[in-house]
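Report on one structure; see the data block that follows.
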Amino acid sequence: MTYKVAVLLPETYRGGTLRGALNIVKMLVLGAKSAGDKLELSFGHVDSPSIYNDSDFEELRRLGVKVRPFFRELIDASKLEPIFSFLGLPNNPPKGGQYWCFNDGISNFEDCDFWIIISDRIQHPIPINRPYAVVVYDYIQRYVPAIFGETTASVGNWKMFDAYAQATRDAQFVICTTEQTRRDCINYAGVNADRVFKFPLEFDPLKNNTPNRICGETPSAPYLLWTTNSTQHKNHLNVIIGLGEYFRLHPESDLEIYVTGVYTHLFSDKGSADIHFMNEYVIGIRKAIEDSPEIKKRMRILGNLSDDVYLEMLQSAHGVLHGALYDNGTYSMIEAAWMGVPSISSDYPAIREICEVFGLNPILFNPHKPADLALGIQKFEDQYLDLCSKLPNRQKLQSRTFNVVAPEYWRMFLKALDVTKILIHE
Amino acid sequence: MSNVDLKKMDIAYLGRVPIAHKSEGLNVLLCDTIRPLMSQGVDISIHTTYRHVSAIRQALEGNGIDMKNLKIDIYRVESILLILMGIFDSRGSKKNDLKKNGFLSSIGQWMLGVARPLILDFLNWLLDFTHLNIAYKIPVFLVLIFIALFMAIILIAVALIFIVSLLVYKFFRFFLNRIIFYLKRSPISRDFFLKLVHAYRKKREIFQQSLGGYLYAQEQIRFAKSVNGNNAVKKLFFFTAFEGHAVEKFKGSSLVVFPDIVTSLFPLRFINSHNAALLKEMRLAIKNADTIVCYSEFVRDRQLRLIFPNEVLGKTVEIIPQGYFLSQSLSQISKYEASEQLNHYRSAIANFFPELLIAAPIVDFTQFSYILYPTIDRPHKNTLTLVRAFSKVLRHKYKNIKLILTTPNPTADVKKFILDNRLHYDILFMPSVPIKVLDLLFEGAALMVHPSLAEGGDIFNFSRAAAVGTPALMADIPVVCEMFERKGISKDQYRNWIFDPIDANALAECIDEILINPSPVLASQKSIVQILSQYGFSDMANQYMKLYESI
């Protein structure tokens, strides 16, 4: 039996989502290989030379994956109707409007028996004539509605979510990696509980050859590396208030805060702010930094860093700070542990799960209470050596890298196929 | 035949606006009173008008009253104008029900799935001209042509009426514009006309109320006179004090229930609900009643005696607390089983937020816990505090939880909060569910919260929840304390499950605590249930009967 599967990335993602997608592809290929199953895997991405270059997918090609760029073609429902009626697909679209087709100029992925779509942020419904799975990372808007917008003007975003939640509900099964996202898929997006599967969490170290820091070694200029980005769910205001409180209570502390992440340069009054991404939220954060003399003095905004520079900064950091209100968890703490750097993180379900799976032992704080962060940093400082010694070793972390997890991932994929009864062509 | 069989109770069922809603507290209470009496063989007669008869039938049937053993005397005294005003007022109110039941959408689906292919096949057959079958297709064609001609004539007639109406409208519009043009130039200020329009709009509601009040008063008088003509009726039980004119003109003895006047407790919160005509009715009812019943001491002392001191002077005012609720349909099923059964009633979830949702949220009751607040939302029901607290529990405590409200009409502030905070997937509305579904909702709930700032009597929701082993949290308000302290239960025994109804944060903490560990609350509520359940609806009904017989 040959499994013909397409992994599709319908939006122009980079960063964590792209890395996650590539890991899924790699895990499927390696997992199938280890199980002795035949897998023909195609990877589809939006054809956008300004976003992607060949080197992004080099590793996939080496693994025998067919990398197929596509453009998103809009098709009117009226055109789909005859063929869907002919094929006798009563539960399928079209119900009107326009549909997305992933036009790769070859077969539009219809040569594949099963599609895996990463992720559920699909702007137009897909005329499904192939069974498919959707990978869902999180539903942040359930807990932080501000990221979708709360004004009247944002109604369109919510309506669109309602539409793409339908695409997720129509999926043969849904892939997620944390229990919280699994619950959100069921209780927020309305997916049937029997069709939501929690796949294993994997970790892809940025560089395997980077030396681990000696446990407890304190860098000469101690700084907390605050890994974030410019969106609301990263909880900047509470973190800034909490940090300000800590520095007011401990003026003798020589700790500094280095901020890094996509679009974080917007928070700096020195950097040239991209007018397209300046919004009330960013302006508010800039003002909060400006208004706090303690923060202004001790905070450095690095913006987005290349992997190499990021690793360098991480290795020299006193600790990593993660302050989000909610998401599917963060890899920054795992990467920090890989480098022997302890973390302080906001406490929410996905973080707890990641900490448990990877054996991380960070200081956790309530992200809604700035005073709790101040207290957390105090604890972090007091228990620093202890925290360093409790970090998982590389051997333990390696047991969760994508190549180790791949067989388990493939087994899970087969189980999901079996449970949801997908027929794969001979 | 025993003495009990000879007993009889005549009940007046009226109302400015007939309330058919089965979940309306007064309807529920009326049913809870007459049900035990009927089972004891008491002859119950409802006296009403043609305007109210449909509402009462719906309310009684909805609450499981056996209509065969109930006598309804209908008097032809209804106000036609009030009927017309009722029709006018209720325009558009069915919108949500239609969406909810999905009947039209089922027809649509059927049309798409079955009728459409059949029509297409028929047309294909019709247009298949061969020498073999053309002969018998000619009559079919003739019939079709005849139908088409008929339709065309109808359409032309409609188009002509439309054109003529348009011309007439344009003609009058032209003259109206000329008049406005000259008026603008006239020495009379334009502001004068604007003020006139504004004053009209402002007064229209008052006028409607006043007209409605007058018409209703006349209707009551006619009703009372008709009942006076019925020699079999010597006494009447008015289960609300809103029918003052009827009480006044009724020549027999009257037992009147004064439920509460919550609008007086929060006059600004109910700024749009104050109704002079209704107050007048209440004043008349209390003044002319032989005996008055209140559900609680709180209502008697803090509302009735404060607002109507002269009318109530020297009158017997009895306290008949509401009976402790023990559901007849209690199956003692597990929460999971209740949730599984609730999945059959998912179509009852309404979409109150079409701005954001294409359809009502899709849920599987077995996959989450939920907080329940069964109520018909009104300004004092304090739903907003619960919604705020729920938002904290969901978004700050990350609980796998939803809030279920059963109100068919959430207040504007509740809707706005849900909309502004985008809680439309997590706060579910299941309006007007049948009693069976309500029982299931209670059985499946992780927690029942009753944050209401005021009630006339005991909290039904407490007894309903506690009866099925669902923990209940209630606002710390006088009637709640009275409900327990009447039975000698001290505040120390129930302190942990009442909360300050003003503090949403404290409520969120309280909810979180109980969700984590419901056992202590369940245990203490279980022990209190045993005490409270000694006084049931039949005890309550017997008290009414005894009082009714004594007047």
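The values are calculated or read from the model by the stated rules, or taken from the named source; none is laboratory data. Small disclaimer: the values here were computed from a predicted structure and weren't measured. Positions of Cβ are backbone-derived with ideal geometry, glycine not excepted, and every protein chain shown enters the neighbour counts.
Laid out as a table, the results:
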quantity: Selection status of A:Asp170, at pLDDT below 90 and either within 13 Å of chain B (Cβ to nearest Cβ) or in contact with a Ser or Thr (Cβ under 9 Å, 6 or more places away or on another chain) (or both); calculated: yes
quantity: Residue match in region B:419-430 (condition: away from chain A (no Cβ under 14 Å) and either closer than 22 Å to A:Asn192 by Cα or not in a loop (DSSP other than H, G, I, E, B) (or both)); calculated: yes
quantity: Criterion: within 14 Å of another protein chain (Cβ to nearest Cβ) and either crowded, with 17+ Cβ neighbours inside 10 Å or farther than 23 Å from A:Asp138 by Cβ (or both) - qualifying residue of A:Tyr384, A:Tyr348; calculated: A:Tyr348
quantity: Test: residue in region B:337-345 that is assigned to a strand (DSSP E or B), surrounded by fewer than 18 Cβ atoms within 10 Å (Cβ to Cβ) and either in contact with a Pro (Cβ under 9 Å, 6 or more places away or on another chain) or within 11 Å of another protein chain (Cβ to nearest Cβ) (or both); calculated: no
quantity: Some residue of region A:139-157 being more than 8 Å from chain B (Cβ to nearest Cβ), without any contact (Cβ under 8 Å) to a residue 24 or more places away in the chain, over 30 Å from A:Leu80 (Cα atoms) and outside any helix (DSSP H, G or I); calculated: yes
quantity: So A:Asp194, is it surrounded by fewer than 18 Cβ atoms within 10 Å (Cβ to Cβ), at pLDDT below 95 and within 30 Å of A:Pro145 (Cα to Cα); calculated: yes
quantity: Search result, residues across region B:367-379 that are part of a helix (DSSP H, G or I) and either facing chain A (nearest Cβ under 7 Å) or of a type in the set (Gly, Ala, Ser) (or both); calculated: B:Gln367
quantity: So B:Lys402, is it touching an Asp or Glu at 6+ places or on another chain (Cβ under 6 Å), crowded, with 21+ Cβ neighbours inside 10 Å and not acidic (Asp, Glu); calculated: yes
quantity: Where B:Ile435 falls short, out of the listed (1) at positive phi; (2) at pLDDT below 90; calculated: (1)
quantity: Which listed residue is under 20 Å from B:Gly213 (Cα atoms) and outside the structural domain of B:Lys436 (by TED's automatic domain parsing), from B:Arg51, B:Arg57; calculated: B:Arg51
quantity: Flag for A:Ser332 being among the small types (Gly, Ala, Ser), within 20 Å of A:Gly15 (Cβ to Cβ), crowded, with 21+ Cβ neighbours inside 10 Å and more than 18 Å from the chain's Cα centre (by Cα); calculated: no
quantity: Residue satisfying all of: in region B:390-414; in a helix (DSSP H, G or I) and away from chain A (no Cβ under 14 Å); farthest from A:Asp347 (Cα to Cα) among these; calculated: B:Ala412
quantity: Pairs where the first residue, in region B:57-81, is farther than 21 Å from B:Gln40 by Cβ and free of Cβ contacts under 8 Å to residues at least 40 places away in the same chain and the second is of a type in the set (A, V, I, L, M) and assigned to a loop (DSSP other than H, G, I, E, B), C-beta under 8 Å, 6+ apart; calculated: B:Gln58/B:Ala20
quantity: Number of the exception - B:Glu455 against (1) within 16 Å of B:Tyr373 (Cβ to Cβ); (2) surrounded by fewer than 22 Cβ atoms within 10 Å (Cβ to Cβ); calculated: (2)
quantity: Hits in region A:53-63 (condition: under 16 Å from A:Leu18 (Cβ atoms) and surrounded by fewer than 12 Cβ atoms within 10 Å (Cβ to Cβ)); calculated: A:Asn53, A:Asp54, A:Ser55, A:Glu58
quantity: Residue within region B:381-389 that is on the phi < 0 side of the Ramachandran plot, facing chain A (nearest Cβ under 9 Å) and touching a residue at least 12 places away in the same chain (Cβ under 8 Å) present; calculated: no
quantity: Any hit, region A:64-87, residues being surrounded by fewer than 16 Cβ atoms within 10 Å (Cβ to Cβ) and closer than 26 Å to A:Met412 by Cα; calculated: yes
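For (1) within 15 Å of the chain's Cα centre (by Cα); (2) crowded, with 19+ Cβ neighbours inside 10 Å; (3) not small (Gly, Ala, Ser), each residue gets a yes or a no:
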position: B:Leu26; (1), (2), (3): yes, no, yes
position: B:Leu29; (1), (2), (3): yes, yes, yes
position: B:Asp32; (1), (2), (3): no, yes, yes
position: B:Gly41; (1), (2), (3): no, no, no
position: B:Ile46; (1), (2), (3): no, yes, yes
position: B:Tyr50; (1), (2), (3): no, no, yes
position: B:Leu60; (1), (2), (3): yes, yes, yes
position: B:Gly64; (1), (2), (3): no, no, no
position: B:Asn69; (1), (2), (3): no, no, yes
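Okay, residues lined up against (1) at pLDDT 85 or above; (2) of a type in the set (S, T, N, Q); (3) assigned to a loop (DSSP other than H, G, I, E, B):
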position	(1), (2), (3)
A:Leu22	yes, no, no
A:Val25	yes, no, no
A:Leu28	yes, no, no
A:Lys33	yes, no, no
A:Gly44	yes, no, no
A:Tyr52	yes, no, yes
A:Arg72	yes, no, no
A:Lys79	no, no, no
A:Ile83	no, no, no
